[in-house]
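Contents: one structure, followed by commentary.
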Amino acid sequence: MKLRAAGLALLTLTAVVSLAGPAAAADDLIAGHDWSHFAGAKVQPDGVRITPLDRRIVDVNGTGGQADPPVNLRGPRLKADGDFRVTAVMDGVGDKGAYLQLYGGVPIIYDEWRQEPASLRLGVKGGKLTVSLWNGGSDKPATTKSYGSGLSGRVTVEVRGVGQTFSFYANGAKVGTLGNPGIFKGLIWFGADAEVGGGWTLVSLTAQGEGGDNLTVADAPALAQPVLADSLRRRAAALPRPIDIGAALASAPLFADAGYRALAGGQFDMLTPENDFKPQFVQPRKGVFTFEDGDALVAFAQANGMKVHAHTLVWHEALPAWMRQNATKQTMFDHIDAVAGHFKGKVAEWDVVNEPMSDEDADYTNGHQGLRPESPWFKSMGEQYIDLAFQRAHQVDPGAKLFLNEYGAEANGERWDALYNLVKRLKQRGVPIDGVGFQNHEYEAGDRVPAETFRAHVKKLAALGVEVRVSEMDVLVSSSQRKIQADEIAGKLKVCREEPTCTSFTTWGFTDKYGSTADVGSYPPAPGDALPWDSALKPKQAYTAMLNTLG
């Protein structure tokens, strides 16, 4: 079988073939489709090699680890109008698990929590076909069953969805059934994974309609989106001193939600990867890098004339367990070398160090300088880790601007004082820091800071020769307080528009549909009310206020 690695030219919506009747030919889902941008996969002459990632989303305190297996966002997906079958030939199957997963929707990462959609996973492990079914109502599978025996080496697995029943086949023999609760109601996406110590090759993947029902195969949608005639990005670009207007974006909805994609490309000229550049996503195991989802965001930015503000190289959170346990200077350098080196020339700016300031009052007294003592990087190197991180990032990507990003420093007080003094020390030591990102998260009334206080901080950093950006703004309110939300966002944007050293304004997401203030853990997540567009992608007062502020 001859495989063709699909590039950006293949990322156009392609209605392929309607397969009708029991004699319809099976459609090849590998040849002519994009598997070269799939994390953990490598297209080879004999198929698609799947290597283990063990990618996990850890809790904020560094414990736990919700599984985060990859999905082929830029590859083929199915639209089954009725009954269907999917057949896969898996080669090199051994004692370690080999998994193929069919998703009824893409998993959404809500700022470090993965919402599991309805899906069906076919795994070969221990000689058995193990089937797990997620019904979209929990992180955990609703059902797991094992069938057959003696399966190893080259194994052909098949699922047939007929009526309200899934039937499973191994090497041509029917081995079991499960009830189908209607988990595939739209597109079917594909994922594949392997257990650590294993690996296998997807030799063949085909799909066809059953019993005269139709099956449509499509590739990923076009990346380029029309810039709206009246948009935030157009108004910001027309200012006497243009500024960048950005939003944190996630790769999964970008390729799955046409409305989200249209607004992202049509309204903004800068994007921040919400999660896809963080250490636990990009280097889940030591020396194992998964750049594919980050590459997808960069490709989207390039197709839409957007800058990329990359987030983040060094942080005390979002660390894979192995990195947290080995937070040495060499580990930090190796990570910066690999990640900043991979994206060199493709991103305009980096958040080099994220949130170094402590949350504890005691760390601002008795000679302490306010740095976060529980950070594994601080434990390993002290304050010097910040100098070293900036110096290394500059060496690897000298053309990019380098930022320190922090929350809660918009207000006057010890946190702001300590941050200012830290930046002053860094400048005195010749550290190549270009700017500071003020996150401007406002989750409750006490988080709201007068715009003029923020302006004073911008001016004070400007005196040090340091730029500023609003990096992650959102304002959580009740639906009756949207005027407050609009005023808060517009007030900070006005400062950024007027102060010559404020270079960009970014919200943390742009729609409540995928916002980080959602009530995570519930299915479906209850959206918060924090961003300029609501969960139906309709603009709120905050959007209008932003437009008006830009002139």
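Tabulated data for the structure shown
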read-out: Helix axis angle, 482-498 relative to the chain longest principal axis, alpha carbon, degrees; value: 60
read-out: FRET efficiency, 1/(1 + (r/R0)^6) with R0 51 Å, evaluated for residue 520 and residue 46 via beta carbons; value: 0.80
read-out: Using a Förster distance of 22 Å, the FRET efficiency for residue 224-residue 344 (Cβ separation, nearest 0.05); value: 0.40
read-out: Alpha carbon convex hull of segment 296-395, volume per residue in cubic angstrom; value: 111
read-out: Cβ-derived FRET efficiency at R0 45 Å, residue 483 paired with residue 286, nearest 0.05; value: 0.35
read-out: Fraction of the pair-distance distribution of the chain above 38 Å, Cα-Cα pairs, percent; value: 31
read-out: Violating pairs (Cα-Cα greater than 32 angstrom) within the set 185/492; 286/379; 174/286; 329/401; value: 185/492; 174/286
read-out: Proximal aspartates and glutamates to residue 42, defined as alpha-carbon separation beneath 17 angstrom and excluding residues fewer than eight positions away on the same chain; value: 34, 54, 91, 193, 195, 292, 293, 295
read-out: Unsatisfied cross-links (Cα-Cα over 29 Å) in the set 307/494; 96/513; 145/278; value: 96/513; 145/278
read-out: Exposure proxy order (Cβ contacts within 10 Å, fewest to most) of 95, 397, 534; value: 95, 534, 397
read-out: Segment residue 372-residue 463, extension gain: residue separation times 0.36 nm, minus the distance between their alpha carbons; value: 30.2 nm
read-out: Using alpha-carbon coordinates, inclination of helix 384-396 to the longest axis of the chain, degrees; value: 70
read-out: Dipole in debye (nearest 20) - the chain, about Cα centre, beta carbon charges: Lys, Arg +1; Asp, Glu -1; value: 1040
read-out: Globularity ratio of segment 159-303, using Cα Rg and 2.2 N^0.38 Å; value: 1.44
read-out: Cα-based Kirkwood hydrodynamic radius, segment 8-218, one decimal, Å; value: 17.4
read-out: Neighbour-count ranking [beta-carbon atoms within 10 angstrom, fewest first] of 420, 523, 543; value: 523, 420, 543
read-out: Compactness of segment 232-549, expressed as Rg and Dmax over alpha-carbon positions, Å; value: 18.6, 54
read-out: Contour minus Cα-Cα distance for residue 165 and residue 359 (0.36 nm per residue); value: 64.6 nm
read-out: Residues 68, 257, sorted so that the one with the fewest Cβ neighbours within 10 Å comes first; value: 257, 68
read-out: Within segment 120-135: backbone nitrogen closer than 19 Å to the residue 149 label point (7 Å, Cα to C-beta); value: 124-131
read-out: Cα-centred dipole magnitude for segment 356-481, charges only on beta-carbon of K, R (+1) and D, E (-1), debye, nearest 20; value: 660
read-out: Principal-axis tilt of helix 414-428 within the chain, Cα atoms, nearest 10 degrees; value: 90
read-out: Size of charge dipole - segment 416-551 - debye, nearest 20, with Cβ of Lys, Arg +1 and Asp, Glu -1, no other charges; value: 500
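All of the numbers you see were taken from the coordinates with simple rules; none came from a lab. Just so it is clear, the structure is predicted and the values come from calculations on it, not from any experiment. Because the Cβ atoms are built from the backbone with ideal geometry, glycine has one as well, and the counts that use them run over all protein chains shown.
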